[in-house]
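First up is the structure itself, then whatever we jot down about it.
Only the coordinates and a few stated rules stand behind these numbers; no lab work does. Bear in mind the structure is a predicted one, so any value in this text is a computation, not a measurement. Neighbour counts run over all protein chains shown; Cβ positions are idealised from the backbone, glycine included.
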Amino acid sequence: MTVLSDSDIEQALQHNDLSIDPFVQKNLTPNGYDLSIEEVFIRKTDQHIKQGVAVIPPLTWFAISTKEFVKMGPQITSQLWIRSSYARKGILASFGKVDAGFHGTLTFGCFNASDKDVEIPIGDRFCQIVFETLESVPKALYHERSGTYQNQRGVTLQR
């Protein structure tokens, strides 16, 4: 696997091997793209926050959905990494790989491990997606294996 640089990402976008919608040039990093927050769901209060600022109480689980709808090509996968500004506030997040062929917004389970409220502005950059190329096309892409969350939008906890 090879990690895509900013110029590789732009080339993949131009060749439709990858799609990020909306794409904001300032979110492009040297080796990834910063994904922004569209929605925050706080289970404890059953709140879905889509504008303004979400205030996450201490020791509270919450979920975030990205604004960006990503389309992974047949030879592109990715990893997700929390932005250090949120890690420094005590936010933990559960990330995994985004499979080749996945299309949709992304939902992350998160936890405020600090002893203070943490403010999370809607629209803020939350994590970085780092794209990688596979050496060959998989025998079956995401939608052919499970596809459970294909084309999801917004916070999606279960299907």
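Multiplying the sequence separation of residue 156 and residue 85 by 0.36 nm and subtracting their Cα-Cα distance, what value in nm do you get?
Extra length available between residue 156 and residue 85 comes to 23.1 nm.
Evaluate the distance, in nm, between pseudo-label points positioned 7 Å from the Cα of residue 5 and of residue 45 along their respective Cα→Cβ axes.
4.5 nm
Kindly give the semi-axes, whole Å and largest first, of the ellipsoid equivalent to segment 39-78, taking each as the square root of 5 times a Cα gyration tensor eigenvalue.
They are 28, 12, 8 Å, listed largest first.
What does the highest-first list of 105-112, 144-151, 51-58 look like by mean Cβ count within 10 Å?
105-112, 51-58, 144-151
Kindly count the pairs of lysines across the chain whose alpha carbons are less than 19 Å apart, treating pairs on different chains or eight or more residues apart as eligible.
Final tally of qualifying lysine pairs is 8.
Order the peptides 63-75, 115-127, 17-29 from the highest to the lowest mean number of other Cβ atoms within 10 Å of their residues.
63-75, 115-127, 17-29
Residue-wise, which Karplus ³J(HN,Hα) couplings in Hz belong to segment 101-107, taking 6.51 cos²θ - 1.76 cosθ + 1.60, θ = phi - 60°, and x for glycine or proline?
x, 5, 10, x, 7, 10, 10
At what distance in nm do the modelled label points of residue 145 and residue 59 sit from each other, each positioned 7 Å from its Cα along Cα→Cβ?
If labels sit at residue 145 and residue 59, their model points lie 3.7 nm apart.
Using the Karplus curve 6.51 cos²θ - 1.76 cosθ + 1.60 with θ = phi - 60°, what ³J(HN,Hα) values do you get for each residue of segment 49-60, in whole Hz, with x for Gly and Pro?
Here the 3J(HN,Hα) series is 9, 10, 8, x, 10, 8, 9, 9, x, x, 6, 10 Hz.
Sketch the reach of a paramagnetic label on residue 26 as a point 7 Å from Cα along Cα-to-Cβ, and name the residues of segment 103-147 whose backbone nitrogen lies under 20 Å away.
Residues 120-129 fall inside that zone.
Could you give each residue of segment 4-16 its phi-based ³J(HN,Hα) in whole Hz, using Karplus coefficients 6.51, -1.76, 1.60 with θ = phi - 60°, and x for Gly or Pro?
7, 7, 4, 5, 5, 4, 4, 5, 4, 5, 5, 8, 6
Can you tell me, using C-alpha contacts under 8 Å and at least 6 residues apart, the relative contact order of the chain as a whole percent?
31 percent
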